[in-house]
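Everything on this sheet refers to the single structure shown next.
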């Protein structure tokens, strides 16, 4: 079932050149974004491997685990700029958690009843809350720049929604 992917990796390994990269973020940048397949974080920002720390999850939401990763990135991996980049046409946008759970197969609905899917009935409010969570985190180094962006999946453009 995964043979095609593992075969592709065997080919990749013959040309692998990233082994010598530093673990530090060369551009001092961390990006929190969605797992949406229409987002290619390095390409859309003109970055290369080693330039940034990229954290992805459904909706590009700032969870406790995202904060954990950002705290480590800021304190240990040379990050001093953070952007949360959500996007247009997100599956979580315009819905609440009950609505998301209702879209799951019927046999999963009961199991998902107590889950927080972090749906975004109001995407701007969700982005503002995520930025605020980072800014209020006592373990993020003072002076760290934090911004909120929205990526347009139709045009490839990024709009700054909340500046640092």
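Numbers below:
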item	result
Hits in segment 153-164 - residues which are assigned to a loop (DSSP other than H, G, I, E, B) and either touching a strand residue (DSSP E or B) at 6+ places or on another chain (Cβ under 7 Å) or surrounded by 14 or more Cβ atoms within 10 Å (Cβ to Cβ) (or both)	153, 163, 164
Residues (part of a helix (DSSP H, G or I) and touching a strand residue (DSSP E or B) at 6+ places or on another chain (Cβ under 7 Å)) located in segment 60-74	60, 66, 69, 70, 73
Where a residue in segment 120-147 is under 12 Å from residue 60 (Cβ atoms) and its partner, wherever it lies, is assigned to a helix (DSSP H, G or I), with Cβ under 7 Å and at least six apart	120/59; 120/126
Entirely in segment 75-144, the helices (runs of 4 or more DSSP H) that have 3 or more residues that are crowded, with 16+ Cβ neighbours inside 10 Å	97-102, 123-136
Qualifying position, being surrounded by 12 or more Cβ atoms within 10 Å (Cβ to Cβ) and out of contact with any strand residue (DSSP E or B) (no Cβ under 7 Å at 6 or more places or on another chain), among 28, 46, 50	50
Sole exception among (1) surrounded by 10 or more Cβ atoms within 10 Å (Cβ to Cβ); (2) modelled with pLDDT under 95 for residue 20, by number	(1)
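The values are calculated or read from the model by the stated rules, or taken from the named source; none is laboratory data. Treat the numbers as computed from the prediction; the structure is a model and nothing was measured. Ideal geometry is used to build each Cβ from the backbone, glycine not excepted, and the neighbour counts take in all protein chains shown.
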